[in-house]
Every structure is written in C-alpha cells, then in structure tokens.
Amino acid sequence: MSIRLAPATGPPYHCRVTAPALVAHAVRLPQGCDPLALLALTGAAEGERAFWSAFDSRVAMAAIGAADVASAAGPGRMAAIARHIAATRDRLMHAGDAPADVRWLGGFAFAPAPPLDPWAAFGAARFVLPEALVVRRGTSAHLTAFGPADQAGRVAARARALAEQLAAWPRDEPASTHAPPGPPAAGFDIAIDADALASRLGEAVGAIRRGEAAKVVLGVTHEVPLVAAPDAVALLSAMASGAPGCTRFLVAPSADGALIGATPERLVAVAGRRLRTMALAGTAPRGHDARADAAFGRALLASAKDRAEHAHVVTAIREDLAGADVASGELPRLRRLATLQHLETPIHARLPARGDVLAEAARLHPTPALGGRPRATALALIDRLETESRGWFGGAVGWLDGRGDGDLAVVIRSLLLCGSTATAFAGAGLVADSDPVAEAHEIALKLRAAFAPIAALAAGAGQPA
C-alpha cells in the first residue's frame, strides 16, 4: 500500500510501505569471520550492498541483496520508515540453528525532499533488510538469510551455501582481490576555488554578524576523476588503517553507485532507554611530531572561536533532548584522528520510555555541527549559499532493528562513488569570529581527509578539474 505524506509546505511525497511475511534463517560462522568477505565473495554484481563497523564497539556487519525495502520522503520520513519496519518485523518468522540478527541498513539525506541524480537511487530515506547479513561480535560471527516465508526452504539453502563459502574463505586473504589504494601522492591537490569559497563563507559570516543566525555550517561538494572505478571493498579495507577511530560504512543501492566513508561523528544510538550522541565541532590539523601535535591541540582547546562553535552544538543537543535525563561533560576534550583533531563532548541520556532511534534522529537532525543555529535560519542560508545539493552528505547512515534500537552516524569524511568519479563534501562551522579564509583552508583539509584513501588513484588520472 502507499502512505501519502503531506508536508507543511511544498508538494506531497510518498512512502512505499509493504509488510510481507518473511523468514529469517540463521547459521553460525567460524570464529573470526570477516564480514567484508561476504561483499568480496558476491561482488558488486549482487547490486544492493552495505557495511557497518562502529568506532566504539567490536561489532561489524555486512549485507547483500534486499528482502525488504523501507523508503520515504518528506517531513514525516522517519516516522513512516519506523512504522514500516516495525510492521515487517512483527511478521518475521525465525529458523536455523543460531539467533537471527535482524537489521535494516541504510540512511537518509540531509534534506527531506527526494534528492536528484547522482543521489536518486538512494532516496530521501532508505533502509534495507538484506537477503544475507553477516554480523561479527568480537570473534563470534553469524549469518542470517532473509526471504519470503513461503520460500523458507530456498532461504535456508542460501544461508547454508553462503556459510560454507565463507567458512572456506582463507583467513589471511584480503577481503578484496584488488590492492587497496595507497596514501595521498606527493602534490595531490583538490584544487578548489579558494577565493570563491571564501567569498561565500564571508556572506554567511556577515549574516551571523548582522544577527540573522548564531552559527551556520557552510560547505562545498567536490568531484575528482579517477583512472577507473575503485573497488569499494578495497577502500573499506584501506580505511581501517587510514582512518582509525572512525565508523566505517558502505551503502550501495545498486552496482552503479556507492556511498563509502569513515566518519568520526555519531548522530544518535539508542538501546532501550539509553541514548548516546556527541557534539563534534572545532577542528585543527595534526602535527608532524608530538610537540607540534600537542601545540595544535592546546590551541584548539584555547580557541574562543572554536569553543563558541562547539558550545552551540552542545546547547542545541541538550535542548533537543528535552524531557530526557541528559548528562555531558562540562568541558570538551580532544578527539584525535589520523589527519585532524576535533573538540568532542560525549552526551548520554536516559529516555522516559523505551526509545526509537529514528524518532530521536528526527529530533536531533541536523545538529548545529552540520546545520547551524537557529536551525531554520541556518538551513535557509545553506540553501541560498551552497551551490549544489548535499544529497546524503550531512545526513546519516546506520542500522535499525525494528524495535527502536539502532545506531546512526553522520555522513562526513565520505565519498560518493559513481563509475570512475568520486565526490566528497566538507564544511566549516561559522560563527561571528570566523575568518572566511581560514575556514576555506579548514574545508580543504577535510576534503583531503575524505579523498585520502583514493588520492593515489586520483593523482594517476591527472589533477582534478
């Protein structure tokens, strides 16, 4: 059936909702099984693929195929998807010799309207219950296959066949047959128009100084041509070492495009009544040695501009979580990554009742770390000053279990792969004291971090246009 969503303004959007009777057949896998092996084993020809590995847990998961798809657009997209997934899970039957892991993987765009190409296949919000899902917790791993309940025999047979193939996969063999790309080549340059970018940033800073907003996050989308279509699994493998301390993910709705990334920022995670989120705002580079690195960190902690930017995020998140028992640190701490360091404040909350991760995401998104404050004013400035739609950049990716629990990360430090082209987005948080030229330099640093895993391939294709 179809649910018609009527937003307050603009055209109506539609949510495709079905609640088929499905079966889940789970089998155990050998200890240490790499979920990425499922993606390497089946290849891009499988079409729908996904991967998730959170920065602060030992859980990783990979998925192929689509047994069920929940997609929606418009202001009510989160609630519509939550209803669909809950209804589908209620009709899910279980089989096999292991507990079934039931997860929908996917995410949503920055804006609620359906995005245009190259994001059209992703939709405004889209979560998929796969045909096969591998979940590893520590060294323990399971595979769960999903499919129509009236085809339970076929679903069980596929679960056993994939489990046998994964058991035979050599433990010391990389998850991809292609060598992962190396570090950025000497002289690699993203070649953004720094003057034009600084001019647009200056317009936003001017609006803030006139009192139109307290903070605005303005960014740029940048495209790089590559020698050939990159291997998404190889890039995920490379990100494990190139972006430690980050959540790695892959969302590929078709063989023609994939969103891949290693993001340091969580939007929200819910487990029962427990909620976790964070404020991550304020950026400095890493130093070439310990002394320089410490100096950059001290300067960031002492920066009035960065502390003000960060405080806007903390305050807004606490306000958005009104009604919950919220706890956060009084002062931000340093979050050190491979090439950048940030101000971070972990935020925890106890909800009045069992939570729904999508409902909490709807309350929090976009935080001032990706949007601004006040939210409506900042979004209007972004719409006016950013030259291209963000698509899923600045949105979120993650997993849902259909019972309200889930984990969603913010789509930053990420790449959209379409054929032999890679596209990235980076932004800077602007407040009244911001220097547009310095902020343009910060955006360049963030773009370099996003492109780092494929910089060698990009350099081989020549400098970006």
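The values are calculated or read from the model by the stated rules, or taken from the named source; none is laboratory data. Everything quoted here is computed from the prediction, not taken from an experiment. Every residue, glycine as well, gets a Cβ built from its backbone with ideal geometry; the counts of neighbours run over all protein chains shown.
Inside region 122-133, can you point out the residues that are part of a loop (DSSP other than H, G, I, E, B) and over 16 Å from the mean Cα position of the chain (by Cα)? Break it down into steps so the answer makes sense when it comes.
Within region 122-133, the first condition is being part of a loop (DSSP other than H, G, I, E, B), and the residues that meet it are 122-124, 130-131.
Pro130, Glu131 - these are the residues of region 122-133 that are part of a loop (DSSP other than H, G, I, E, B) and over 16 Å from the mean Cα position of the chain (by Cα).
Rundown of residues vs (1) more than 21 Å from Ala113 (Cα to Cα); (2) assigned to a loop (DSSP other than H, G, I, E, B), yes/no style:
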site	(1), (2)
Ala322	yes, yes
Glu344	yes, no
Ala349	yes, no
Gly355	yes, yes
Glu360	no, no
Arg363	no, no
Leu370	no, yes
Ala378	no, no
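Provide a single number: the residues in region 403-435 that are outside any strand (DSSP E or B) and either acidic (Asp, Glu) or not assigned by TED's automatic domain parsing to the domain that holds Arg274 (or both). Walk me through it before giving the result.
Restricting attention to region 403-435, the residues satisfying the condition of being outside any strand (DSSP E or B) are 403-405, 411-413, 419-420, 431-435.
Now restrict to residues that are either acidic (Asp, Glu) or not assigned by TED's automatic domain parsing to the domain that holds Arg274 (or both): 405, 433, 435.
Count: 3.
The single residue among Ala44, Ala19, Ala60 that is at pLDDT 90 or above and in contact with a helix residue (DSSP H, G or I) (Cβ under 9 Å, 6 or more places away or on another chain) turns out to be Ala60. Of all residues in region 270-283 being surrounded by 22 or more Cβ atoms within 10 Å (Cβ to Cβ) and in contact with a Gly (Cβ under 7 Å, 6 or more places away or on another chain), which is modelled with the lowest pLDDT? Among residues in region 270-283 that are surrounded by 22 or more Cβ atoms within 10 Å (Cβ to Cβ) and in contact with a Gly (Cβ under 7 Å, 6 or more places away or on another chain), the one modelled with the lowest pLDDT is Ala281. When Ala308, Ala378, Ala353, Ala316 are checked against the criterion of being over 18 Å from the mean Cα position of the chain (by Cα) and without any contact (Cβ under 8 Å) to a residue 60 or more places away in the chain, Ala316 stands alone in meeting it.
If you check Val326 against the conditions, is it free of Cβ contacts under 8 Å to residues at least 40 places away in the same chain and either closer than 30 Å to Gly202 by Cβ or part of a helix (DSSP H, G or I) (or both)?
Here the answer is no, as Val326 does not meet what is asked.
No other residue among Gly419, Gly406 is in contact with an Asp or Glu (Cβ under 9 Å, 6 or more places away or on another chain) and surrounded by fewer than 23 Cβ atoms within 10 Å (Cβ to Cβ) apart from Gly419.
Do we have any residue at all in region 215-234 that's in contact with a helix residue (DSSP H, G or I) (Cβ under 6 Å, 6 or more places away or on another chain), of a type in the set (A, V, I, L, M), part of a helix (DSSP H, G or I) and more than 19 Å from Gly394 (Cβ to Cβ)? Yes, region 215-234 contains at least one residue that is in contact with a helix residue (DSSP H, G or I) (Cβ under 6 Å, 6 or more places away or on another chain), of a type in the set (A, V, I, L, M), part of a helix (DSSP H, G or I) and more than 19 Å from Gly394 (Cβ to Cβ).
Against the criterion of being part of a loop (DSSP other than H, G, I, E, B) and crowded, with 21+ Cβ neighbours inside 10 Å, Ile443 does not qualify. Among residues that are of a type outside the set (Phe, Trp, Tyr) and surrounded by fewer than 22 Cβ atoms within 10 Å (Cβ to Cβ), Ala290 is included.
Against the definition (within 24 Å of Ala80 (Cα to Cα), buried (at least 18 other Cβ atoms within 10 Å of the Cβ) and either in contact with a Phe, Trp or Tyr (Cβ under 9 Å, 6 or more places away or on another chain) or among the basic types (Lys, Arg) (or both)), how does Gly355 come out, yes or no?
Working: within 24 Å of Ala80 (Cα to Cα): yes; buried (at least 18 other Cβ atoms within 10 Å of the Cβ): yes; either in contact with a Phe, Trp or Tyr (Cβ under 9 Å, 6 or more places away or on another chain) or among the basic types (Lys, Arg) (or both): no.
So Gly355 does not fit the description; no.
Out of everything in region 259-274 that is of a type outside the set (Gly, Ala, Ser) and in a strand (DSSP E or B), what residue ends up being nearest to Gly402 (Cα to Cα)? Among those residues, the one meeting the criterion is Val270. When you scan region 254-265, do you find a residue that is within 18 Å of the chain's Cα centre (by Cα) and among the polar types (S, T, N, Q), even just one? Yes: region 254-265 contains one or more residues that are within 18 Å of the chain's Cα centre (by Cα) and among the polar types (S, T, N, Q). Among the numbered conditions (1) within 25 Å of Arg390 (Cα to Cα); (2) assigned to a strand (DSSP E or B); (3) not small (Gly, Ala, Ser), the only one that Pro75 does not meet is (2).
Of the residues Glu330, Glu344, Glu360, only one is more than 18 Å from Asp56 (Cβ to Cβ) and either assigned by TED's automatic domain parsing to the domain that holds Leu417 or surrounded by fewer than 21 Cβ atoms within 10 Å (Cβ to Cβ) (or both); which? Don't jump to the end; show me each part of the working.
On the way: Glu344 fails: more than 18 Å from Asp56 (Cβ to Cβ); Glu360 fails: more than 18 Å from Asp56 (Cβ to Cβ).
That would be Glu330, the only listed residue that is more than 18 Å from Asp56 (Cβ to Cβ) and either assigned by TED's automatic domain parsing to the domain that holds Leu417 or surrounded by fewer than 21 Cβ atoms within 10 Å (Cβ to Cβ) (or both).
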